[in-house]
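Note sheet for the following structure.
The values are calculated or read from the model by the stated rules, or taken from the named source; none is laboratory data. Nothing here was measured: the structure is a model prediction, and the numbers come from that model. Cβ sites come from the backbone with ideal geometry, for glycine too, and all protein chains shown count toward neighbours.
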């Protein structure tokens, strides 16, 4: 079956840089998405990588290496409002292009 | 420029009752997806629909759960004879096309007493 792994929790300080990793099973991989979810809120789309390399959107960047079955989300200049859970989600060709989600990484930011 | 809308936001049901969750996709989006999320977990895919068609229901429990997306009106996720284990947040997402970014609604928090 398909599976994704990401750390359950990451702690960082305000103003710092943090990297959240995601590894996935290879078969049928199509693309990697990242979503942010605040407690009690809805997932919000952050980025999508289908090709190797780095995609930058303001303070957030996302990276993909298809050969390593690995990606990461990079958050710079951390702000307290970035405290949330971050989910990687993979689109699999053999699951009708549906999103399969990781269990999420809770990002805790300290002042 | 309304986003994906879901109602109700919170729903309380007693065991054995029926729950109906509604989802109106973003304007111009014809693809709807339903997901379930338990506390401290990621989202689990349930069903993928286009207008009047169920494309993929591989994540739906075989009994008590059904979904529809009629030609007119919102998509409905229906849970019959709810049990405590159905308590969860149910999110709907929509996209303009099959492989395009999914945008999520605010979710319906279902509590079964």
- Message: Exactly one of these conditions fails for residue A:7: (1) modelled with pLDDT of 95 or more; (2) part of a strand (DSSP E or B); (3) within 14 Å of chain B (Cβ to nearest Cβ). Give me its number.
- Response: (2)
- Could you tell me which numbered condition residue A:106 fails, if it satisfies all but one of (1) within 14 Å of another protein chain (Cβ to nearest Cβ); (2) at pLDDT below 95? (2)
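Residues in the stretch A:11-41 that are assigned to a strand (DSSP E or B) and either more than 16 Å from residue B:42 (Cα to Cα) or without any contact (Cβ under 8 Å) to a residue 24 or more places away in the chain (or both): how many? Break it down into steps so the answer makes sense when it comes.
So in the stretch A:11-41, the residues assigned to a strand (DSSP E or B) come out as A:11-13, A:18-24, A:29-37.
Those still in the list that are either more than 16 Å from residue B:42 (Cα to Cα) or without any contact (Cβ under 8 Å) to a residue 24 or more places away in the chain (or both) too: A:11-13, A:18-19, A:29-31.
Residues flagged as assigned to a strand (DSSP E or B) and either more than 16 Å from residue B:42 (Cα to Cα) or without any contact (Cβ under 8 Å) to a residue 24 or more places away in the chain (or both) within the stretch A:11-41 amount to 8.
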- Message: Looking at (1) over 20 Å from residue A:37 (Cβ atoms); (2) out of contact with any strand residue (DSSP E or B) (no Cβ under 7 Å at 6 or more places or on another chain); (3) within 12 Å of chain A (Cβ to nearest Cβ), which one does residue B:31 not meet, given that it meets all the others?
- Response: (2)
- Some residue of the stretch B:65-77 being in a loop (DSSP other than H, G, I, E, B) and crowded, with 16+ Cβ neighbours inside 10 Å: yes
- Note on the structure: Of those in the stretch B:84-108 that are facing chain A (nearest Cβ under 8 Å) and surrounded by fewer than 19 Cβ atoms within 10 Å (Cβ to Cβ), the residue nearest to the chain's Cα centre (by Cα) is B:106
